[in-house]
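The values are calculated or read from the model by the stated rules, or taken from the named source; none is laboratory data. These numbers come from a predicted model, not from an experiment. Note that each Cβ is placed from the backbone with ideal geometry, even for glycine, and that neighbours are counted across all protein chains shown. Side chains are part of the model used for accessible areas, which takes the heavy atoms of the whole protein and leaves out ligands, DNA and RNA. Shrake-Rupley method; radii C 1.70, N 1.55, O 1.52, S 1.80 Å.
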Amino acid sequence: MAGSELTNIKSPRVKAARRLTKRAFRDRDRAFLAEGPQAVREALALDGVVTEVFTTA
């Protein structure tokens, strides 16, 4: 879904990303949410780690 724009905050993809703010969901999904330019830059530097990227204007 590269390049697809999400305009609905109730989208299942957005909901799944927002759930990662809670430790229980991070542990369950074995995933995390990187916020901010430095954290995202470091995550993107690792092959196969990033599954989705969300940005705002």
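Observations on the model:
- Estimated inter-spin distance, Glu35 and Phe54, nm [label 7 Å along Cα→Cβ]: 1.0 nm
- Extended-chain gain in nm, criterion 0.36 nm per residue less alpha-carbon gap, Thr7 and Leu20: 2.7 nm
- Accessible surface computed residue by residue for the chain, with neighbouring protein chains in place and a 1.4 Å probe, gives 92 Å² per residue.
- Sparse-neighbour loop sites [chymotrypsin sites (Phe, Trp or Tyr not before Pro); the chain; at most 16 other C-beta within 10 Å; DSSP]: Phe32, Phe54
- What a 1.4 Å probe finds exposed on the chain is 54% carbon and sulfur by accessible area, rounded to a whole percent.
- The GluC sites (Glu not before Pro) of the chain that meet both conditions, a loop assignment by DSSP and at most 13 other Cβ atoms within 10 Å of the site Cβ, are Glu5, Glu35, Glu52.
- Computed P(r) (all Cα pairs; the chain; 5 Å bins; percent): 4, 16, 26, 27, 21, 6, 0
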